[in-house]
Amino acid sequence: METKIMKVVAQGETFTVPSKKSENGQLAKCVIRLKELNDFGDEIIATMLGNQASCRFAIGTVVAVNLRMGTHENNGQFYQDITVNDIREV
């Protein structure tokens, strides 16, 4: 895992999902779209969970973000899973 400097393109609304691992049985979840700072940089869509999901960032905010990337398989199809480990405004 490495820390990247990125710009916030969009952020969805925070909602809760059932979770057996959280204390109250609910887990906050939010989707954020980030772009690398150069003109032709990659864009990614990542999931923020728990307390991070309640953090709101304005469009265009520059952030330092640590991402966990993985894949999972479902019915023979492979999907990329990107989760925010840590995010801070720069």
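The values are calculated or read from the model by the stated rules, or taken from the named source; none is laboratory data. This is a predicted model, so every value here is computed, not measured. Cβ sites come from the backbone with ideal geometry, for glycine too, and all protein chains shown count toward neighbours. Ligands, DNA and RNA are stripped out before the accessible areas are found, and what is left, the full protein with its side chains, is counted by its heavy atoms. Shrake-Rupley method; radii C 1.70, N 1.55, O 1.52, S 1.80 Å.
Probe radius 1.4 Å, ligands and nucleic acids ignored: give me the carbon and sulfur share of the accessible area of the chain as a rounded percent.
Numbers: 3090 of 6300 Å².
Reported share for carbon and sulfur atoms: 49 percent.
The value for the chain of Rg(Cα) / (2.2 N^0.38 Å) is 1.14.
Going 7 Å from the Cα of residue 47 along its beta-carbon direction, which residues of the stretch 1-25 have the amide nitrogen within less than 14 Å of the resulting point? Within reach of a label on residue 47: 15-22.
Please state the charge dipole magnitude for the chain, taken about the Cα centre, from unit charges on C-beta atoms (+1 on K and R, -1 on D and E), reported in debye and rounded to the nearest 20.
Details: 10 positive and 11 negative charges, 55 e Å.
For the chain, the charge dipole is close to 260 debye.
Can you tell me which of 36-43, 54-61 comes out highest on packing, and rank the rest after it, using the mean Cβ neighbours within 10 Å? Show your work: numbers first, answer last.
On the way: 36-43: 9.6, 54-61: 11.9.
Most protected by this proxy first, the peptides run 54-61, 36-43.
Here the spin labels are modelled as points 7 Å beyond Cα on the Cα-Cβ line, and at residue 86 and residue 36 they lie 2.2 nm apart. Relative contact order of the chain: 30 percent, from C-alpha pairs under 8 Å at least 6 residues apart in sequence.
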